[in-house]
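Working notes, beginning with the structure itself.
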Number of protein chains: 2
Amino acid sequence: MTRPPTVVLPARQGEHRYQVHVGPGALEPLAGLAGDHDRVAVVTCARVARTPAARKALARLRRTGRLAAVVLLPDGEKGKTLAQLERGAVKLLAAGMTRRSLVVSIGGGAVSDAAGFLAATFMRGLPWVAVPTTLLAMVDAALGGKTAVNLPRAKNAVGAFHPPLAVLADPGALDTLPGRELRSGLGEVVKYGLLDPALLGRISDAGAGRPGAELVAACMAAKLRVVEADPTERGARALLNLGHTFGHGVEAAGGFARYTHGEAVALGLVFAFRLAARLGRIGPLAVAEAEAAVAGAGLPTRLPPAQARRAAALMVHDKKRTSSGLRWVLPRQVDGARWTVEWGVEAGPLAVAAAVAELGS
Amino acid sequence: MTRPPTVVLPARQGEHRYQVHVGPGALEPLAGLAGDHDRVAVVTCARVARTPAARKALARLRRTGRLAAVVLLPDGEKGKTLAQLERGAVKLLAAGMTRRSLVVSIGGGAVSDAAGFLAATFMRGLPWVAVPTTLLAMVDAALGGKTAVNLPRAKNAVGAFHPPLAVLADPGALDTLPGRELRSGLGEVVKYGLLDPALLGRISDAGAGRPGAELVAACMAAKLRVVEADPTERGARALLNLGHTFGHGVEAAGGFARYTHGEAVALGLVFAFRLAARLGRIGPLAVAEAEAAVAGAGLPTRLPPAQARRAAALMVHDKKRTSSGLRWVLPRQVDGARWTVEWGVEAGPLAVAAAVAELGS
């Protein structure tokens, strides 16, 4: 059996440059990165800390003799609060962490969002390295430098742009990932496919199984290209929010527990295509193709009507909102078979309500 | 009576440029700045909200029709907590604030530190305008983009670099400032004098009274020059920490209540000169001159021995610390009468202990 190669993707955000390693040898740079700093603190959560992937990364760091603290967050979104940020910062302080120390995040999207925000704000900013262990963290959360915690009623409402020093992604970690966690990342994988027709075919071929290292790397490269063009989300980066406006509403409507992020994004993707069809921007074939991609990945395309209405009501807290209302990321047909995705699209309340009704069934 | 002119100082931090208005007409740009944004939230505290200066600024903002929220923080350091940050962010969210909205801080150093950090992190960053109403905020806290809140045992331990869109300082606000609040800023004024001999004479002439608009503007210009050279505190900006390593220890030792920031910095300045003398870097005349400047401004040069020892023990949480210990900002004699200030100076434990003993008497 030949081991697939480890790919190194160059990443750039403004003046900050870093490297993204994807493959079975991705963790190899970890000891060297730790060695460049006086102390290292690991941020992870209980669920992740028990996995072979996390134990392997922790063991590498212990051997450097620099490991000064392990901050164990509550699992999932419960770890993304300002109270947990304070607890983590107090622990870093007690461990003697300075501006010359390093934070290493080991975990899924929630861990990397919270760990990155802790690194962004402790002593006004330390460097950090992301070791994503879930599909969602690999293809989305750990890339691009968006870090945040939640407010009681709004996800990611308090945060910072703080790109990491390196991202080290070993897709081997996905082998032991529970099915629900895997589906949480598949929503973003399908999103990249709907943004880029060349990827869509490869995603359909992979079906509802575990995407291989090459598909993971292709999704990561797709995100890095968009982020490089627009590091602080003033323009083109908004494309990455395809499916996320309604998706965030779905997550909030379910108390951030009923739907995984990927399931919510999947529903948001279907919503975006249905809304675009209502606005006459795309035809029924594009809608069918998007729904087939979502369903093919084992993700939902419908939700109970009451949940759909509640999700729509909670969309108002979207960060991309302006004073005159929501702005949408929506597809537009360019010829018989293809579409392009545009941002900043307006939609009237009747079209939105009709799309909500279509999803809730 | 001729009204003194309003000075406009150009400020630059990295690629970010902004203007600092100092004088009786400083608030005039406020309505225009509010008009450039969809909504405005004011962050202030109860003590400040009652003052004529704050009422004047609030009235100007109300007339624009853009004022969507007033976040009232607890007075002083009690407002600089992550719990208050969360309360403020929830209020901004409820008021419909977006990334196109504006935060206006009206108050002293604690308010501008906390308001700036709220602006830095809400939706990952909104623009903000600082309206400093105390001497400390004018000559220090509102300038330079350092924002932060405290951890239970460490001041400013969680924060961000987020320079404001404008700083609007009307020294008329100082006319109604209580004496203790005024002294809180005088420590920084004396610090600028000890960094720049040309300023020292003007400060001595002003004595322990209220510094005029021109002296305030000179101190602000001194800070802006250093910040421009080093926006994220990697080198020369460390000079502004003269007196602050021991000073922060003094504040912590007194539970952030016994000494004002200015009193603590004053003690830290005396400490720095005494430590430098112990290390043979300066002679007794420089120490005497520094102490005379501190005492001439009505600030303390000694503290109880137990407080001095406790302050020394609490210095270890200093943000400029490296793994090998504290690095000091200390003067060095350049000829018979003058000194220069350098950063990154090492000092052995015996010299530090001796200087601690000298202050505690």
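Chains B and A: what accessible area do they bury, summed, in square angstrom to the nearest 100, with a 1.4 Å probe? Its buried surface, counting both partners, is about 3300 Å². Ordering A:Leu93, A:Gly207, A:Gly108 by Cα displacement along the dipole of region A:85-234 toward the positive end leaves A:Leu93 in first place; charges were set at the Cβ atoms of Lys, Arg (+1) and Asp, Glu (-1). Taking a straight line from the alpha carbon of A:Lys80, these aspartates and glutamates sit under 12 Å away, with near neighbours fewer than eight places off in the same chain left out: A:Asp113. In this assembly of identical copies, the label point of A:Glu28 (Cα plus 7 Å along Cα-to-Cβ) is separated from its counterparts by 6.5 nm, sorted shortest first.
To put it simply, the accessible area of the protein assembly as shown at a 1.4 Å probe is 54 percent carbon and sulfur. Could you sort out which of A:Lys191/B:Lys91; A:Lys155/A:Lys191; A:Lys56/B:Lys155; B:Lys78/B:Lys191 sit more than 31 Å apart by Cα distance in this structure? Pairs exceeding 31 Å: A:Lys191/B:Lys91; A:Lys56/B:Lys155.
Overall, chain B carries a charge dipole of about 880 debye about its Cα centre when +1 sits on the Cβ of Lys and Arg and -1 on the Cβ of Asp and Glu, all other atoms neutral. Mean sequence separation of contacting Cα pairs (under 8 Å, at least six apart), scaled by the length of chain B, corresponds to a relative contact order of 14 percent. Rolling a 1.4 Å probe across the protein heavy atoms gives region A:183-322 an accessible surface of 34 Å² per residue.
Selection among B:Val8, B:Pro152, B:His261 by position relative to the dipole of chain B gives B:Pro152 as farthest towards the positive end (Cβ unit charges, Cα centre). Averaged over peptide A:117-128, the number of partner chain Cβ atoms lying within 10 Å of each residue's Cβ comes to 5.
Counts of other chain beta carbons within 10 angstrom of each beta carbon in peptide A:326-339 average 0. Rounded, prolate or oblate: which fits region B:1-49 when a ≥ b ≥ c are the square roots of the eigenvalues of the alpha-carbon gyration tensor, with rounded for a/c under 1.5 and prolate only if a/b beats b/c? Note, shape of region B:1-49 comes out oblate. For the residues A:Glu263, A:Glu346, A:Glu77, a GNM of chain A with alpha-carbon springs under 10 Å puts the largest fluctuation on A:Glu346. Scanning chain B for the beta carbon that comes closest to the axis linking it by rotation to A yields B:Leu82, 2, distance in whole angstrom. Overall, region B:237-355 carries a charge dipole of about 280 debye about its Cα centre when +1 sits on the Cβ of Lys and Arg and -1 on the Cβ of Asp and Glu, all other atoms neutral. Across peptide B:97-107, the average count of Cβ atoms from other chains found within 10 Å of a residue's Cβ is 2. Determine, from the Cβ-Cβ distance of B:Glu15 and A:Asp36 and an R0 of 25 Å, the FRET efficiency 1/(1 + (r/R0)^6), rounded to the nearest 0.05. That pair, B:Glu15 with A:Asp36, gives E of 0.40.
Expressed as a rounded percentage, what relative contact order does region B:1-129 have, with Cα pairs under 8 Å and six or more residues apart? Across region B:1-129, relative contact order equals 24 percent.
Rounded to the nearest 20 debye, the dipole size of region B:240-308 about its Cα centre is 180 debye, using +1 on the Cβ of Lys and Arg and -1 on the Cβ of Asp and Glu. Placing a pseudo-label 7 Å from each Cα along the Cα-to-Cβ vector at A:Arg302 and A:Arg258 gives an inter-label distance of 1.6 nm.
Computed over protein heavy atoms with a 1.4 Å probe, the accessible surface of region A:10-83 works out to 47 Å² per residue.
Each label was represented as a point 7 Å from its Cα along the Cα-to-Cβ direction; for B:Asp175 and A:Glu28 these points are 7.2 nm apart.
Each label point was placed 7 Å from the Cα along the Cα-to-Cβ direction; for B:Glu346 and B:Thr232 their separation is 2.7 nm. Would you work out which of A:Ala357, A:Leu242, B:Ala272 lies farthest towards the positive end of the dipole of the protein assembly as shown, given +1 charges on the beta-carbon of Lys and Arg and -1 on that of Asp and Glu, about the Cα centre? Of A:Ala357, A:Leu242, B:Ala272, it is A:Ala357. First check a/c for region B:249-361, with a ≥ b ≥ c the square roots of the eigenvalues of its C-alpha gyration tensor; if it is under 1.5, answer rounded, and if not, answer prolate when a/b is larger than b/c or oblate otherwise. Here region B:249-361 falls in the oblate category. Accessible area ranking (1.4 Å probe, heavy atoms, ligands and nucleic acids excluded), largest first, for B:Lys91, B:Lys146, B:Lys78: B:Lys78, B:Lys91, B:Lys146. Sorting the segments B:128-137, B:297-306, A:98-107 by their mean number of nearby beta carbons within 10 angstrom, highest to lowest, gives B:128-137, A:98-107, B:297-306.
The values are calculated or read from the model by the stated rules, or taken from the named source; none is laboratory data. Here the structure is a predicted model, which means the values were calculated and not measured. For neighbour counting, all protein chains shown are included, and Cβ atoms are generated from backbone atoms with ideal geometry for every residue, glycine included. What goes into the accessible areas is simple: the full protein's heavy atoms, side chains included, and nothing from ligands, DNA or RNA. Shrake-Rupley method; radii C 1.70, N 1.55, O 1.52, S 1.80 Å.
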